[in-house]
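The values are calculated or read from the model by the stated rules, or taken from the named source; none is laboratory data. All values derive from a computational prediction rather than experimental measurement. Please note: Cβ atoms are built from the backbone with ideal geometry, for glycine as well, and neighbour counts cover all protein chains shown. The protein model used for the area step is the full one, side chains on, heavy atoms only, and it has no ligands, DNA or RNA in it. Shrake-Rupley method; radii C 1.70, N 1.55, O 1.52, S 1.80 Å.
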Amino acid sequence: MNAPLAPSLSFPAVVLWLALLVPLLLGLLAWRFPPRRMLPVLLAGTPLPLATFWLLHRVSAGGELVGVWSLGELQLHWRLNGLAGLLLLLTQLLLLASATYAVGYWRATVLPERAFAGFWPLLGGLAAALGVIWVAADLLTLYAALELMGLTAVGMMLLPGKGAALVAGMRYLIYALVGSLAWLLGVALLLGASGRLDLAGLAATTEPGPVTGIAMAMLAAGLLLKAAIFPLHGWLVPVHASAWTPVSALHGALVVKASFFILMQLWQRLVPEGVAAAWLLGLLGSLAVLWGGLQAWRANELKKVVAWSTVGQLGYLMLAFPLLAGTSAAVATLAWQATWLQLAGHALAKAAMFMAAGNLLLAAGESRITDLAGTSRRLPLPLMTFGLAAVTLMGLPPSAGFTAKWLLLQAAILAGQWLWVAVLVVGSLLTAAYVFRVFRCAFVEAAPRHEVRSLPAGMDLIALLLSLSALGLGLAAEWPLALLRGGGMP
């Protein structure tokens, strides 16, 4: 690994923190002057991923950026390595896509002016929280960012203002608060045992034992609840059923992934050899794949199909734990690369699928899958986008999902952990089952001719670009995998 670029006030560090905090300022500005067209949103947000791409180039050439912000006796640690940079770039691209899509969504659905204006500061807060989570290197900063992310996500779920949205949003808030309580208990145990909160210091000073095990169990429980990992997923589908489409796209693509990211960072530093616990997490992931896939296949409403799909797809990420604990370096490297490529591919495809589903529902005026019969004749573009996103979820070539699952298969076979091979195969078949159930209804030729609404062209275009990006990521996987090899592993 290359030597880190240390100065906290270096030019790259300034660029990084501007990239993290500018979205919050843009959100406040849009709150005061809500955008009416897609182009201004696109132009205002494009410099952020460009800046992050430049930072990634610096990291790949000169090593990770690290620094400390001192607030009196309080020290807040941060670092930008290949993994954090990739996730930051992914976040900014998806936020830009969702923000641009939201303007078209507002025009197509005539959202209340006050609610639409309130969307923007919440979006800015969510962007800042996610960015800080990717670069934070101490438990205090992670907690603050995690809470900001949760509060803004709940606020966005409440924006529709209807009874169902309020009930689902409050349920989400309660689950999030319970998860935060478990997190705080775990942090308190670690602080009492080691007297430190920075991740590097914890990794160097924490010894295996009952206190560490209990603390990690509390941290994991809180984060698994926030990430909606089976069997702690009961809040996820109801909140998506009533949420605005751009909110669902962001939540399914990014919000639930942030908790997984934190869990993985803590696990690799505190209990990397916890084989039994890692297998337990892998089994929970396997059950998530099966249960989420079955429920998606049984769901009658299109948006619930996509939401249950999220529950199942998150399970693949959990397979990383048993493949990283107590295995060879070759297996661990494959599993590490596969996990983050799977996360990125799923994020792009899931955002595209939520947007495509939202476009189908808006244009057709129907929510049940059976009522979408015959829409292939009138709405071919959103249906094609839905199918292209599904290619990544099913793990078909040339998508990022295929490359990630191929790497996971190699890791599982090298480790002799054949159970995960079966999970990958069965999960892919279940995904195909619920995807083709949607297409079977859409292509019913005898269905009556639907009257459909026209939507802003940008809504279909953004969803299509995201689904194509998920496919392209599989073809261009060498670049992110090289960044992960160069400095992504803790």
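The table below gives the values:
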| read-out | value |
| --- | --- |
| Subset tally (residues that are touching a Phe, Trp or Tyr at 6+ places or on another chain (Cβ under 9 Å) and either modelled with pLDDT of 90 or more or open to solvent by 10 Å² or more (accessible area, probe 1.4 Å) (or both)) for the stretch 321-334 | 4 |
| When residues of the stretch 98-109 are limited to those that are in contact with a Gly (Cβ under 9 Å, 6 or more places away or on another chain) and either under 25 Å from residue 345 (Cβ atoms) or among the polar types (S, T, N, Q) (or both), the one surrounded by the most Cβ atoms within 10 Å (Cβ to Cβ) | 101 |
| Condition met for residue 58 (surrounded by fewer than 18 Cβ atoms within 10 Å (Cβ to Cβ), over 16 Å from residue 137 (Cβ atoms) and not hydrophobic (A, V, I, L, M, F, W, C)) | no |
| Sole residue being closer than 30 Å to residue 367 by Cβ, assigned to a helix (DSSP H, G or I) and either without any contact (Cβ under 8 Å) to a residue 40 or more places away in the chain or open to solvent by less than 50 Å² (accessible area, probe 1.4 Å) (or both), chosen from 219, 202, 189, 173 | 173 |
| Residues located in the stretch 367-410, provided they are within 18 Å of the chain's Cα centre (by Cα) and basic (Lys, Arg) | 405 |
| Single match in 86, 29, 94 (criterion: surrounded by fewer than 16 Cβ atoms within 10 Å (Cβ to Cβ) and at pLDDT 90 or above) | 29 |
| Leading residue by the ranking (most open to solvent (accessible area, probe 1.4 Å)) among those in the stretch 362-376 that are outside any helix (DSSP H, G or I) and more than 9 Å from residue 444 (Cα to Cα) | 368 |
| Tally of residues being farther than 22 Å from residue 141 by Cα and not hydrophobic (A, V, I, L, M, F, W, C) across the stretch 61-109 | 9 |
| Considering residues of the stretch 61-83 that are among the small types (Gly, Ala, Ser) and without any contact (Cβ under 8 Å) to a residue 60 or more places away in the chain only, the residue surrounded by the fewest Cβ atoms within 10 Å (Cβ to Cβ) | 72 |
| Enumeration of residues in the stretch 32-55 that are within 16 Å of residue 13 (Cβ to Cβ) and either part of a loop (DSSP other than H, G, I, E, B) or open to solvent by 30 Å² or more (accessible area, probe 1.4 Å) (or both) | 54 |
| Condition check for residue 307: more than 15 Å from the chain's Cα centre (by Cα) and buried (at least 24 other Cβ atoms within 10 Å of the Cβ) | no |
| Which listed residue, of 137, 153, 168, is open to solvent by less than 20 Å² (accessible area, probe 1.4 Å) and at pLDDT below 85 | 168 |
| Residue under evaluation residue 295, criteria (1) open to solvent by less than 40 Å² (accessible area, probe 1.4 Å); (2) among the polar types (S, T, N, Q); (3) in contact with a strand residue (DSSP E or B) (Cβ under 9 Å, 6 or more places away or on another chain), criterion not met | (3) |
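Residue-wise test of (1) crowded, with 23+ Cβ neighbours inside 10 Å; (2) touching a Ser or Thr at 6+ places or on another chain (Cβ under 8 Å); (3) free of Cβ contacts under 8 Å to residues at least 12 places away in the same chain; (4) assigned to a helix (DSSP H, G or I).
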residue: 378; (1), (2), (3), (4): no, no, no, no
residue: 388; (1), (2), (3), (4): no, yes, no, yes
residue: 392; (1), (2), (3), (4): yes, yes, no, yes
residue: 407; (1), (2), (3), (4): no, no, no, yes
residue: 423; (1), (2), (3), (4): yes, yes, no, yes
residue: 432; (1), (2), (3), (4): no, no, no, yes
residue: 440; (1), (2), (3), (4): no, no, yes, yes
